[in-house]
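A short worksheet on the structure shown next.
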Amino acid sequence: MFKYGRKAGRMGVALLVLAVLPLVIAAFVIPNVGPEVATKFDAAGEVTRWSPSYELLALPVVTFLLGLATYASAGRQAKINGDSAAMARIVCERYLRNGLVSSVFLNVVNAYCVFTAVAGTGLPF
């Protein structure tokens with residue numbers, strides 16, 4: 001991505017880091033929790049559903065795949081608009097920016113899911 005500018009390159013690296021981060025967190029958390037984790041809570045924060053701990057991998061895998069797909073499509077769309085260097089840079093940055101926003105949101109949701117699974121209680125808000 002650095003061929004489309006320094007900003008696009010940095011955004012690409014940040015996107016890849018945000019895509020891998022939930023998998024790294026899951027690799028540290030899942031072996032340290034029990035075979036079942038709390039996944040559903042009522043309004044008072046009490047557990048209403050227990051699930052196998054490997055279900056904590058669903059969101060990190062989706063985040064990883066979405067980050068890679070966004071990174072790849074940013075490069076592909078920039079190459080399609082390669083007639084103009086300025087247009088290719090703008091398109092690449094736009095795709096990467098959208099991927100960064102999505103990845104940050106999914107990382108926050110993943111952090112909440114991991115926290116509630118480890119703590120065994122929901123946050124009442």
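The values are calculated or read from the model by the stated rules, or taken from the named source; none is laboratory data. Here the structure is a predicted model, which is why all the values come from computation and not from measurement. For neighbour counting, all protein chains shown are included, and Cβ atoms are generated from backbone atoms with ideal geometry for every residue, glycine included. These area figures cover heavy atoms from the full protein model, side chains too; ligands, DNA and RNA do not enter into them. Shrake-Rupley method; radii C 1.70, N 1.55, O 1.52, S 1.80 Å.
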Top-ranked residue of the range 44-89 - restricted to ones that are open to solvent by less than 80 Å² (accessible area, probe 1.4 Å) and part of a loop (DSSP other than H, G, I, E, B), ranked as farthest from TYR112 (Cα to Cα): SER84
With under 21 Å from TYR4 (Cα atoms), of a type in the set (Gly, Ala, Ser) and under 21 Å from the mean Cα position of the chain (by Cα) as the only criterion, which of SER84, SER73, SER53 stands out? SER73
Residues in the range 95-125 that are open to solvent by 70 Å² or more (accessible area, probe 1.4 Å) and closer than 17 Å to PHE2 by Cβ: how many? 1
Those residues that are open to solvent by 40 Å² or more (accessible area, probe 1.4 Å), outside any helix (DSSP H, G or I) and in contact with a helix residue (DSSP H, G or I) (Cβ under 7 Å, 6 or more places away or on another chain), I need them from the range 2-40; list them, please. PRO35, GLU36, THR39
Search the range 93-105 for residues that are farther than 14 Å from PRO22 by Cβ and of a type in the set (D, E, K, R) and pair each with any residue that is assigned to a helix (DSSP H, G or I) and open to solvent by 30 Å² or more (accessible area, probe 1.4 Å) when their beta-carbon atoms are under 8 Å apart and the residues are at least 6 apart or on different chains. GLU93/TYR4; GLU93/LYS7
